[in-house]
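Only the coordinates and a few stated rules stand behind these numbers; no lab work does. Keep in mind the model is a prediction, meaning the values are calculated, not measured. Ideal geometry is used to build each Cβ from the backbone, glycine not excepted, and the neighbour counts take in all protein chains shown.
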Amino acid sequence: MLGAGGFLGRHLVELLGPRALPVVRPSAQIPGGALAHDLREERGLRALLEDSGAHLVINCAALASPALCEEHRGAATALNAELPRALGGWSAESGARVIHVSTDLVFGASAAPAGGFLEEDAPDPVSFYGESKAEGEVALMERDPGALVVRLPLLYGDPKGTGRGASEALFSSLIRGERPSLFTDEWRCPLPVSVAASALAELADEQLSGVLHVAGAERVNRFELGLAIHLERFREHERARHELRACLRAELGLSPERPEDTSLCIRRAAALLDTKLPDLAEGVRLAAYPA
C-alpha cells in the first residue's frame with residue numbers, strides 16, 4: 001500500500017489489518033507532508049515493490065492540496081502523474097493488480113450533468129491538482145488496462161492525527177475562534193472517510209478494472225455539509241447558526257479557481273458494492289469524530 005500514513009490510508013490500514021503491508025519507508029520530504037521512499041523515480045519504485053512481494057497495491061499517495069499543487073508543480077506531477085505511470089508499468093509486467101485512488105476534481109470546468117458525472121465522461125479540471133490527477137489516471141491505464149481507478153469525492157470524518165479532511169478543517173477553524181465561510185455555490189457528493197476505506201477494502205477482493213466513482217449518495221453544497229457536521233458534533237442549532245457563515249465562492253477571491261459542481265454518479269458502484277454509500281444525514285452519523 002502506498003500512502004498508508006495519510007488521511008484515507010490510515011483508515012484503510014485499520015480495516016485491512018495484516019493484509020495492509022505498507023510498502024514505503026520514510027526518506028523523502030515532499031511539500032505538504034512526508035512521502036515514504038523516493039517514489040518519483042521508477043527504478044526505485046519497482047525495486048521497492050519487488051522487495052515487498054506485493055500482488056496488489058492500493059495507491060493512496062498523492063499531493064492532494066490544490067494550493068500546494070499550484071506552488072509545487074514538480075512535486076504534484078511526480079506524485080499524482082508519474083507515480084501512477086510507474087505503477088502501471090510494474091503491474092503490467094509483474095501481473096500484480098493496482099487500485100489507484102483519484103478524485104472528483106478531475107472534473108469542474110463545466111457543471112456536472114443531472115445525476116452527476118459518469119465514469120466515461122471526459123475529465124475537464126480547473127486546477128493543476130485536477131490536471132495532474134487526470135494525467136495520472138491516463139498514464140496508469142495506458143500502461144496497465146487491467147488497473148482500477150477509484151474516483152473519490154470530498155472526504156470527512158476522523159482525521160486520525162493527520163489534520164486532514166473537511167470536518168477537521170471546520171473544527172480547527174472553530175477552535176481558533178474563527179467563523180468559517182462555507183460556500184453555497186460549490187457542490188460535491190461528500191463521503192465519510194471510513195466508508196471510502198470500506199469500499200476500497202471490498203474492491204481489493206474483486207477483479208475490477210477501469211474507472212469507478214465511489215461517493216456519497218447526495219449532492220450537497222459546502223455550507224450544507226458544514227452545517228450537518230457541526231450539528232452532529234455539537235447538537236446545537238443556535239450555535240451552528242452563529243458560528244458558520246454561508247457565502248459565495250466569488251466573495252473570497254480564492255486561488256486556484258474552485259469548481260462549481262463535481263458531483264459523481266454512483267449508480268455503478270452502488271450496484272457493485274456491499275458497502276452502502278450514504279446520503280448526508282446517514283454519513284455524518286457514520287463518521288466518527290474524536291472528542
Summing Lys, Arg as +1 and Asp, Glu as -1, what charge do residues with Cβ under 13 Å from the Cβ of Ala288 carry, Ala288 excluded?
0
Placing unit charges on C-beta atoms (Lys and Arg positive, Asp and Glu negative, everything else neutral), compute the dipole magnitude of the range 46-169 about its Cα centre in debye, rounded to 20.
280 debye
Taking Lys and Arg as +1 and Asp and Glu as -1, residues besides Glu168 with C-beta under 15 Å from its C-beta add up to +3
Rounded to the nearest whole Å³, what is the per residue volume of the convex hull around the Cα atoms of the range 63-151?
80 Å³
Name the long-range amide H neighbours of Val98: under 5 Å, sequence gap of 5 or more, or other chain; modelled H, no Pro or chain starts.
Val57, Leu148
Antiparallel versus total DSSP beta bridges in the chain: what percent is that, nearest 5?
20 percent
Would you calculate a helix-derived [θ] at 222 nm for the chain, using -39,500 (n - 2.57) for each DSSP H run of n ≥ 4 and dividing by the full residue count, to the nearest 500?
-11500 deg cm²/dmol
Of the convex hull drawn through the C-alpha atoms of the chain, the volume per residue in Å³ is 122 Å³
Work out the length of the dipole vector of the range 138-291 about its Cα centre, built from +1 on the beta-carbon of each Lys and Arg and -1 on the beta-carbon of each Asp and Glu, and round it to the nearest 20 debye.
320 debye
Compute the semi-axes of the equivalent ellipsoid of the range 98-224, taking the square root of 5 times each eigenvalue of the Cα gyration tensor, and list them largest first in whole Å.
27, 18, 13
Grab the other residues whose beta carbon is less than 9 angstrom from that of Pro180, score K and R as +1, D and E as -1, and report the net.
0
Residue order, fewest to most surrounding Cβ atoms within 10 angstrom, among Ser110, Ser65, Ser127:
Ser110, Ser65, Ser127
